[in-house]
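Taking it in order: structure first as structure tokens, then the write-up.
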Amino acid sequence: MRIAQVAPLIESVPPRQYGGTERVVAYLTDELVRQGHDVTLFATEDSHTRARLVPCAPGALRLEPRCRDPLPHYMYMLDELRRRARQFDIVHFHIDYLHYPLMRALGLPHVTTLHGRQDFWDLARLYAAFPDMPLVSISNAQRAPVPDANWVGTVYHGLPPDLYEFSPDGGDYLVFLGRICADKGIDRAIEIATRAGRELLIAAKVDKADREYYEACVRPLLKRPNIRYIGEVDDREKGELLGGALGLLFPIDWPEPFGLAMIESLACGTPVVARPCGSVPELIRDGLSGRIVDGIDDAVAAVDSLRALDRAAARREFEERFSAERMAAEYLAIYRLLLDDRTPLSSAA
């Protein structure tokens, strides 16, 4: 199958350090190539892939100090895609909705995976205006705000099986991984670790938009003796950090569409302590791959019970439910479904 993957330009594919969507695109693209498909990746010039790369920005725009507006780079990418469109059987987008008018005009089979939250007021009108755009959710919970959108499947993210090494023992510290912002619950993670008498290692980035929150609400908490802020980490450092941990704290306070950190933790055999927001109840099986908790008291008690969980069972959960091979197979089934239904998209109103 001739497949185009269209990635965001904010990070390289895969990202050097923090990054979720671009990381998933990297795993999916390489797995499709491994399975024998002809794949072209539209991404930043500093991306590394087994596919054919069409560079659409000089580098990761988040790290480019000259970048004031990413939109011109996306316009360039979409025009590059337009020029090559007939080279592909299907195009798989990971850039939200910028391509909708173009793809309606081209009438080329395509699908869009939505990687973000869908509970914004603006989106319902968009999906009503483009009912012909096939969409994939990354959890069933992600669909809840817009149930009438044109969903054609739910595909959980997956990782290569050898990306992170299984750690059968773990250690005594806890980990917070990802991005520092109010929704991610870093303040709750610090409180949970402190009350549980555990060291907390924080491997996270701070976006410009969250800098004020970090300075006012988080930085003072980092002075606690049991808290160690590491910053962003690469895959090697992440594997060592997660593998050596007692557990991953994921005390979110928002409708998390997926939460890649949770399955990265399971790949290492490290259980997850998480609040039941968004995708969490779909990904974590309470008492098997982690503990789902309601509040801080519940979370502190859950931390004390993590030693009783079987880390090999957490790793099996990853292998059976969250592999890149499974992810690619499910996307291929969706591609074939869409190719079998060749109603011209340009016929939509």
Exercise for review: Mind counting the residues in the range 268-322 that are part of a strand (DSSP E or B), farther than 19 Å from GLU191 by Cβ and either in the same structural domain as ARG117 (by TED's automatic domain parsing) or in contact with a helix residue (DSSP H, G or I) (Cβ under 6 Å, 6 or more places away or on another chain) (or both)?
Suggested key: 0
Point to revise | Residue count, the range 119-148 (criterion: over 21 Å from the mean Cα position of the chain (by Cα) and closer than 21 Å to ASP340 by Cα) | key: 4
Point to revise | Candidates LEU41, LEU9, filtered to the one that is closer than 22 Å to PRO70 by Cβ, in a strand (DSSP E or B) and in the same structural domain as MET75 (by TED's automatic domain parsing) | key: LEU41
Review point. Looking at (1) outside the structural domain of ILE202 (by TED's automatic domain parsing); (2) over 24 Å from VAL155 (Cβ atoms); (3) not small (Gly, Ala, Ser), which is the only condition PRO251 fails?
Key: (1)
Point to revise | Of all residues in the range 169-202 being in contact with a Leu (Cβ under 6 Å, 6 or more places away or on another chain), part of a loop (DSSP other than H, G, I, E, B) and crowded, with 18+ Cβ neighbours inside 10 Å, the one that is modelled with the highest pLDDT | key: ARG198
Exercise for review: Select from the range 186-222 the residues that are among the β-branched types (Val, Ile, Thr) and under 20 Å from the mean Cα position of the chain (by Cα) and list them in ascending order.
Suggested key: ILE186, ILE202, VAL206
Review point. Only one of (1) hydrophobic (A, V, I, L, M, F, W, C); (2) in contact (Cβ under 8 Å) with a residue 60 or more places away in the chain; (3) surrounded by 15 or more Cβ atoms within 10 Å (Cβ to Cβ) is not met by TRP151, so which one is it?
Key: (2)
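The values are calculated or read from the model by the stated rules, or taken from the named source; none is laboratory data. All values derive from a computational prediction rather than experimental measurement. Note: ideal-geometry Cβ built from the backbone for every residue, glycine included; neighbour counts use all protein chains shown.
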